[in-house]
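As C-alpha cells, the structure follows; a few thoughts come after it.
The values are calculated or read from the model by the stated rules, or taken from the named source; none is laboratory data. Note that the structure is a prediction, hence the values are computed from the model and not measured. In this analysis, Cβ positions are derived from the backbone assuming ideal geometry, glycine residues included, and neighbour counts consider all displayed protein chains. Side chains included, ligands, DNA and RNA excluded: accessible areas come from the protein's heavy atoms. Shrake-Rupley method; radii C 1.70, N 1.55, O 1.52, S 1.80 Å.
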Amino acid sequence: MSIIEDIKKLESAEDSIYGTSYRGAAILRDGTEIPCLIFKSKQKIVDLAKRRIKEELNGNGRLGGDDPYGQIVTVFAAGGNKVNDYDISKVIPSRYAIPDALRSKIHGETFMGWTGWVFEMNDGKLFQFGSAFSFDYFDMPKGYDFDDVKEVHNHSYLNDSGKLCKLRQGAFPPEDYKLENVFREKVSFECAIDGI
C-alpha cells in the first residue's frame, strides 16, 4: 500500500486556498514519530506561490515594503515546520487530530488573535481550550479522548470556581481567564506531497 493511499484514509479538510488537506501522523525512515502532520498538495502550494509572486511583480499584490517578492519567497521557502515526503515510511492517524465534527463548532475570534472554548465531556466534566491560530491538533485531558466530548461551548471559559461562562467576542479577556488552565494547540508540521 502506498503512502498516498494511507493519507487518503485520514479525515480530510477543505480549504479555499490549499484545497484538500489531511491531518495525521507519520513514522519517518529512522523511526522518529511526527505526531501532528498535515499533508497538503504540493502542486497547490507551488501554484499559490507562483500566483502571489506574479501579483506582486505586476503591482497587484497586497504586500508593502521594500521587498514584497522576498517576503513571499521567505514564506514559501523558509517558513513553517516542514517534513519531506521521501522521509516518511508510514502514515498513521494522529490521536491529537481534532475531528472535523468538533472543529466545525469552533469558529470566530473570541479576542484579537485568540479563540477560546470549553469541551463538555460525556461524564459532565468541563475543560477549557484555546488557540491563537491553529485548530488542528490538541492534547486532551488525561483519561479522555475526542470521542468523550459531548458538547462544544464556543467562546466560553471556566471561571475560578469552575463555572462555565461565556466570553464576549471582541472584548478583553476577563480577569479570571487564566491561560495556564487552557489546553492549547500542539505544534504541527506540514508535508507537501504529490497526488493529493
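Brief remarks follow.
- The criterion of at least 1 residues that are without any contact (Cβ under 8 Å) to a residue 12 or more places away in the chain, open to solvent by 40 Å² or more (accessible area, probe 1.4 Å) and farther than 28 Å from residue 101 by Cβ is met, among helices (runs of 4 or more DSSP H) falling completely within region 1-82, by 42-57, 68-78.
- In region 94-110, residue farthest from residue 133 (Cα to Cα) [restricted to those that are assigned to a loop (DSSP other than H, G, I, E, B) and open to solvent by less than 50 Å² (accessible area, probe 1.4 Å)]: 94
- Scan region 136-185 for residues that are surrounded by 16 or more Cβ atoms within 10 Å (Cβ to Cβ), under 18 Å from residue 112 (Cα atoms) and of a type in the set (Asp, Glu) and the total you get is 1.
- Of all the residues in region 120-148, those that are among the hydrophobic types (A, V, I, L, M, F, W, C), under 20 Å from residue 165 (Cα atoms) and either in contact with an Asp or Glu (Cβ under 7 Å, 6 or more places away or on another chain) or free of Cβ contacts under 8 Å to residues at least 40 places away in the same chain (or both) number 2.
- Index of the failed condition, residue 88 passing every other in (1) more than 24 Å from residue 4 (Cβ to Cβ); (2) in contact with a helix residue (DSSP H, G or I) (Cβ under 9 Å, 6 or more places away or on another chain); (3) open to solvent by less than 70 Å² (accessible area, probe 1.4 Å): (1)
- Filter result for the condition that a residue is outside any loop (DSSP other than H, G, I, E, B), surrounded by 16 or more Cβ atoms within 10 Å (Cβ to Cβ), hydrophobic (A, V, I, L, M, F, W, C) and more than 18 Å from the chain's Cα centre (by Cα), over 119, 127: 127
- Candidates are the residues of region 173-196 that are touching a strand residue (DSSP E or B) at 6+ places or on another chain (Cβ under 7 Å) and modelled with pLDDT under 95; the one that is nearest to residue 5 (Cα to Cα) is 196.
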